[in-house]
Amino acid sequence: MDRVRAQWATARPDLDTAPVAVIARLGRATAYIDASVNARLAEFGLNRAAWDVLASLRRNEPAHRLSPTQLYVALMRSSGAITHRLHRLERAGLVKRIPDPHDARGMLVELTAKGTALVDRVAPLHLANEATLLAQLDEHEQRTLTELLRKLLRAYERQQPTPPPSGRGGRHRAHAHRVRKK
């Protein structure tokens, strides 16, 4: 990024490229993090999207149940994306849908015993992987980064509570790739 900024300084010295130092680095760091997290989860037949659903259910004690709406709001995903993930997780026997005892029209998503066992097995390994990804920062630096990112995200979330689609991954990107190849 320093080289990119130096090139811009030569080509267009009138431009303030200070934001590039942060934004581009966040993007690059995200790519490394996503690749490492997905590689680790793939060892268990999961990806980040599936893990997020399973972990959300596991954290919800004691019944490990949430409505699809609670899931998509908590995970900041579209209802269609959650529905697709739930179908895949249900086929794998990791979740099941049950009638909501408090709403005859509603359904709940419940983590199965198989899903609970998988989350309990993967969680320590996943967290260790995340710790490794941050190992270059000491505890103070990690806390500082956490606070700075919290501040930044709070400002964004005041303007738009749910993040827009990232453009990274998912069915739409795969479809766009297939279309381009034709």
Inset, instruction - Answer yes or no: is there a residue in the stretch 76-92 that is in the same structural domain as Y156 (by TED's automatic domain parsing), in contact with a His (Cβ under 7 Å, 6 or more places away or on another chain), over 19 Å from T162 (Cβ atoms) and surrounded by 15 or more Cβ atoms within 10 Å (Cβ to Cβ). - result: no
Inset, instruction - Return yes when R25 is surrounded by fewer than 18 Cβ atoms within 10 Å (Cβ to Cβ) and touching a residue at least 12 places away in the same chain (Cβ under 8 Å) and no when it is not. - result: yes
Inset, instruction - Examine the stretch 34-51 for a residue that is of a type in the set (G, A, S) and more than 28 Å from A117 (Cα to Cα), and state whether such a residue exists. - result: no
Legend entry - Members of the stretch 51-66 that are surrounded by 15 or more Cβ atoms within 10 Å (Cβ to Cβ) and touching a residue at least 40 places away in the same chain (Cβ under 8 Å): W51, V53, L54, A55, L57, R58, H64, R65, L66
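The values are calculated or read from the model by the stated rules, or taken from the named source; none is laboratory data. Bear in mind the structure is a predicted one, so any value in this text is a computation, not a measurement. Note that each Cβ is placed from the backbone with ideal geometry, even for glycine, and that neighbours are counted across all protein chains shown.
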